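To start, the structure under review is shown below, and the notes come after it.
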Amino acid sequence: MPFLFDQGPSLSPATFRLLRDLVNGFCGIYFEPDVAFLVQRRLRDRLAAAGLSSFESYYAYLRDHPEGRAELERAVDALTTNETYFFRERYQLEAFRHDVLPELVARRQSERRLTLWSAGCSTGEEVYTLAMLLRASGLVDGWEVRVFGSDISRRVLQHARRGVYGEAAFRALPPAHAGDFMDTPEGRAVRPEIRALCHFGHLNLLEHDRTAIVGKVDAVFCRNVLIYFDETSRARVLRTLWERLHRGGYLMLGHSESLLQSATDFELVHLSRDLVYRRPEGSRTILPGGVDD
């Protein structure tokens, strides 16, 4: 007699659409119908944790329960992929180091202050990578430097703040940066002098008003994030990134991402090794109270 396995609750097409739209309205992520089975598989543990036996009751919980928003954050965490590593897409980092950074430094010479934002930082490898690049460049010695990392997942932010990583995170690490880490019983830890430049915060990119906590930045790394958004949500996030950038500031996207099909005021910039986007020098944003940026 064959073994029978309990497959758990099933996600109907109608309830999938309800859950998809709820998640989309919350954080902009959009799931096509062909990933319904993936959504079902990844959310079954969340049903069990909430003590619920069906996806229909889970949807009602997310929508109506006082703890629904907190659970919605956990559901999004379960549904998203957070795999990353140090010096990912190194060609773009090299272009930033050699082409963009000297320009930003020249522009900010009088203030001697530089801020970078990793929007969708996952477990923090990108944030620490940027801090390592800044420190190794020697261009901002003695400056006020801040690398801010944000993510919608509180779980990955806890990992990022610890700054301790297993070997998989180091598969693209240049040998010259091996000294930026120290061995610990839990893994290789980012050295304190690098961590001192880095800050992390929980942020939903669709919550426009809350992004003010980031302040004004000189460059945004929003790599492999926009590909998960629908067109409307993507436009909202791009407007937020635009407003956070100083005039002349840069937007770095992932290698598979482009703004060619998006209505945007960003200008395309050809670097020696990459194509990136920039908020034009002459652009203005009037902030609440009538203050120019």
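The values are calculated or read from the model by the stated rules, or taken from the named source; none is laboratory data. Keep in mind it's a predicted model, so treat the numbers as computed, not measured. Methodologically, a virtual Cβ is constructed for each residue, glycine included, from the backbone with ideal geometry; neighbour enumeration extends over all protein chains shown. For accessibility, only protein heavy atoms count, side chains too; no ligands or nucleic acids. Shrake-Rupley method; radii C 1.70, N 1.55, O 1.52, S 1.80 Å.
Estimated at 0.36 nm per residue, the fully extended path between E71 and T232 surpasses their Cα-Cα distance by 55.5 nm.
Sorting 216-222, 173-179 by average packing, meaning the other beta carbons within 10 Å per residue, from highest down gives 216-222, 173-179. Post the alpha-carbon centroid distance, segment 120-199 to segment 5-54, in whole angstrom. So the separation of the two Cα centres works out to 34 Å. Matching the structure-derived Cα extents along the principal axes in Å against the labelled list [x] 60, 41, 35; [y] 72, 51, 34; [z] 69, 43, 31 gives the label [y].
Of all beta bridges DSSP finds with both residues in the chain, what is the antiparallel percent, to the nearest 5? Walk me through the numbers on the way to the answer.
On the way: 15 of 35 bridges.
Just about 45 percent of them are antiparallel.
Counting only C-alpha contacts under 8 Å and six or more residues apart, can you give the relative contact order of the chain as a whole percent?
Values: 424 pairs, mean separation 50.4, N = 293.
Relative contact order here is 17 percent.
Radius of gyration over Kirkwood radius for segment 149-293, both on Cα atoms: the Rg/Rh ratio is 1.00. Estimated at the nearest 10 Å², the accessible area of R247 is 80 Å² with a 1.4 Å probe.
Calculate how large, on average over all directions, the projected area of the Cα convex hull of segment 90-215 is; give the answer in nm² to one decimal. Present the calculation step by step, with values, prior to reporting the outcome.
On the way: hull surface 33.0 nm².
Result: a mean projected hull area of 8.2 nm².
How many percent of the alpha carbon pairs in segment 1-82 exceed a separation of 17 Å?
Working: 1417 of 3321 pairs.
Considering segment 1-82, 43 percent of its Cα-Cα pairs are separated by more than 17 Å.
Evaluated over the Cα positions of segment 43-92, the convex hull gives a direction-averaged projected area, one quarter of its surface, of 4.7 nm².
Leaving ligands, DNA and RNA out of it, report the carbon-plus-sulfur percent of the accessible area of segment 30-139 at a 1.4 Å probe. Please report the intermediate quantities before stating the final value.
Working: 2340 of 4840 Å².
Solvent-exposed carbon and sulfur of segment 30-139 make up 48 percent of the total.
For the chain, report the accessible area per residue in Å² (1.4 Å probe, heavy atoms, rounded to an integer).
Values: 14360 Å² over 293 residues.
It amounts to 49 Å² per residue over the chain.
Note on segment 1-146: Cα convex hull, mean projected area over all directions, 13.6 nm². A helix-only calculation puts the chain at -10500 deg cm²/dmol for mean residue ellipticity at 222 nm, using -39500 (n - 2.57) for each DSSP H run of at least four residues, averaged over all residues.
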